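The values are calculated or read from the model by the stated rules, or taken from the named source; none is laboratory data. This one's a predicted model, so the numbers in the text were calculated from it and none came from an experiment. Reconstructed Cβ throughout: ideal geometry from the backbone, glycine too, with neighbour counts over all protein chains shown.
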């Protein structure tokens, strides 16, 4: 089986303006806590790169504080629109389906205030955004490109202990978006096969586009200087987890796997560094990892730090001997690529896109399954052998060099062009004054559409 793969740049017609939908989390939020994570980084970095190519990007996200400005010009060519939809605080992803009608109304109002044909294309991220994108696509007559980032059926098939299964409504919603999107962008061949098998997506509608890393920011540097900045000793072996503290990401596995080594080999001076904040089902027990460290008797060997901004995060990577990514599921694993770009090898679970993000035996190691003993054995080898870590570190930076945001956007633009051809929208060819091409009879909406109007507009495609 083959998929449409985007590996190299070519001459591509570029859109003038793209509407990016990110309902549940803003690209301006700090990754590593709440619902902010790799998707935030992806949306922000690809938007910046699109803007560098001359594509104007408007990102629609849900306002989460009364202080959020309705419109933020976040970077040259990148505008963030904070749409009021439901209470500002106290909602997470599980609560947001009930707010999609309100969010969609805000998106449609913003476009309706512009000249006809304002947007050339919609790119939605995560299934909640795809639901809104499907409606806006039919209203505006432009292609819809969708990136799922994660799939409920995949997550539910490999739940961590204590994690909560994704609801049937999400599975149904992902099927609808998979059916309706003109083009689906996935991170790896693994994810492409999952879309085909679980949601019946035709191979020709899928583009495989690897995410990247900011290779100008994440570079090798002085380990001693980085450790001094973080208050870590030069002679420690530092094992680091970076990400949201929730069962899916399995930071507890790192603690359990490291505990026997800390007890048996005090001479190795193993330090476990956890950088992140509680998220998802982890919000129910925000201090669970602290309690686990206490129960394991390793409190003195574990350091907890809050999420770090990118310029500070690079110091975390440089200070580490090993970055550990024990997740139960990752569609790719941006932390793994960032760490390797900074010259730090990665020990990761062999799940999802991590088998692409990490070159086993070259830039790090992959571990099958989530058995404590298997992870302890892997950590034992790597903490005992400095030469092995140095060899993997050398391979890490070289491997990460394959993944850049410029390369990602090359792939996205090719996918956008394919979506335009596939949808027959006349993308990039129409005059600003003529308005968007439409799939069927135009439906008239006011600037403040009612739920009935929204429902009617959404029903016009099939």
### Set 128, 121: member being out of contact with any strand residue (DSSP E or B) (no Cβ under 8 Å at 6 or more places or on another chain), at pLDDT 95 or above and crowded, with 24+ Cβ neighbours inside 10 Å
128
### Query
Scanning for something under 25 Å from the mean Cα position of the chain (by Cα), farther than 26 Å from residue 374 by Cα and surrounded by 21 or more Cβ atoms within 10 Å (Cβ to Cβ), does segment 279-291 turn up at least one residue?
yes
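Quick check: is even one residue across segment 235-258 in contact (Cβ under 8 Å) with a residue 24 or more places away in the chain, surrounded by fewer than 16 Cβ atoms within 10 Å (Cβ to Cβ) and in a helix (DSSP H, G or I)?
no
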### Message
Of the residues 429, 456, only one is out of contact with any strand residue (DSSP E or B) (no Cβ under 8 Å at 6 or more places or on another chain), at pLDDT below 95, in a helix (DSSP H, G or I) and farther than 30 Å from residue 235 by Cβ; which?
### Response
456
### Message
Every residue in segment 353-378 that is in a helix (DSSP H, G or I) and more than 22 Å from the chain's Cα centre (by Cα), please.
### Response
372, 373, 374, 375, 376, 377, 378
#### Entry: Among (1) surrounded by fewer than 16 Cβ atoms within 10 Å (Cβ to Cβ); (2) in contact with a helix residue (DSSP H, G or I) (Cβ under 7 Å, 6 or more places away or on another chain) - the single one residue 139 does not satisfy
(1)
## Note on the structure
Given (1) surrounded by fewer than 21 Cβ atoms within 10 Å (Cβ to Cβ); (2) touching a strand residue (DSSP E or B) at 6+ places or on another chain (Cβ under 7 Å); (3) on the phi < 0 side of the Ramachandran plot, residue 310 misses just (2)
### Message
Can you go through 420, 400, 396 and tell me which one is modelled with pLDDT under 95, under 25 Å from residue 49 (Cα atoms) and crowded, with 23+ Cβ neighbours inside 10 Å?
### Response
420
### Query
Is one or more of the residues making up segment 156-170 closer than 30 Å to residue 269 by Cα, part of a loop (DSSP other than H, G, I, E, B) and either modelled with pLDDT under 95 or touching a strand residue (DSSP E or B) at 6+ places or on another chain (Cβ under 7 Å) (or both)?
yes
### Message
Whether any residue in segment 179-186 is surrounded by 19 or more Cβ atoms within 10 Å (Cβ to Cβ), part of a helix (DSSP H, G or I) and touching a helix residue (DSSP H, G or I) at 6+ places or on another chain (Cβ under 7 Å) is what I want to check.
### Response
yes
### Query
With 381, 311 as the choices, which residue is without any contact (Cβ under 8 Å) to a residue 60 or more places away in the chain, over 28 Å from residue 185 (Cα atoms) and not in a loop (DSSP other than H, G, I, E, B)?
381
### Query
Any residue in segment 176-191 that is over 22 Å from residue 413 (Cα atoms) and free of Cβ contacts under 8 Å to residues at least 60 places away in the same chain?
yes
### Query
Pick from 382, 334, 412: which is buried (at least 19 other Cβ atoms within 10 Å of the Cβ) and closer than 18 Å to residue 261 by Cβ?
382
### Task
Select, from 221, 200, 204, the only residue that is surrounded by fewer than 17 Cβ atoms within 10 Å (Cβ to Cβ) and at positive phi.
200
### Message
Out of the residues in segment 102-128 meeting the condition of being within 21 Å of the chain's Cα centre (by Cα) and not in a helix (DSSP H, G or I), tell me which one is farthest from residue 25 (Cα to Cα).
### Response
121
### Query
Just one of 263, 228 is over 18 Å from residue 384 (Cα atoms), part of a helix (DSSP H, G or I) and modelled with pLDDT of 95 or more; which is it?
228
### Task
Any chance you could count how many residues in segment 106-124 are within 15 Å of residue 22 (Cα to Cα) and touching a residue at least 60 places away in the same chain (Cβ under 8 Å)?
6
### Message
For segment 337-352: of the residues being modelled with pLDDT of 95 or more and within 14 Å of the chain's Cα centre (by Cα), which is surrounded by the fewest Cβ atoms within 10 Å (Cβ to Cβ)?
### Response
338
### Query
Scanning segment 61-101 for residues that are surrounded by fewer than 16 Cβ atoms within 10 Å (Cβ to Cβ) and either assigned to a helix (DSSP H, G or I) or at positive phi (or both), which turns out modelled with the lowest pLDDT?
90
### Query
What pairs come up if the first residue lies in segment 338-353 and is touching a residue at least 60 places away in the same chain (Cβ under 8 Å) and at positive phi, the second is buried (at least 24 other Cβ atoms within 10 Å of the Cβ) and part of a loop (DSSP other than H, G, I, E, B), and their beta carbons are under 7 Å apart, counting only those six or more places apart or on different chains?
352/330; 352/331
### Query
Inside segment 142-155, can you point out the residues that are out of contact with any helix residue (DSSP H, G or I) (no Cβ under 7 Å at 6 or more places or on another chain), under 24 Å from residue 196 (Cβ atoms) and in a loop (DSSP other than H, G, I, E, B)?
150
### Query
When only residues in segment 1-28 that are modelled with pLDDT of 90 or more and more than 20 Å from residue 65 (Cβ to Cβ) count, which is surrounded by the fewest Cβ atoms within 10 Å (Cβ to Cβ)?
16
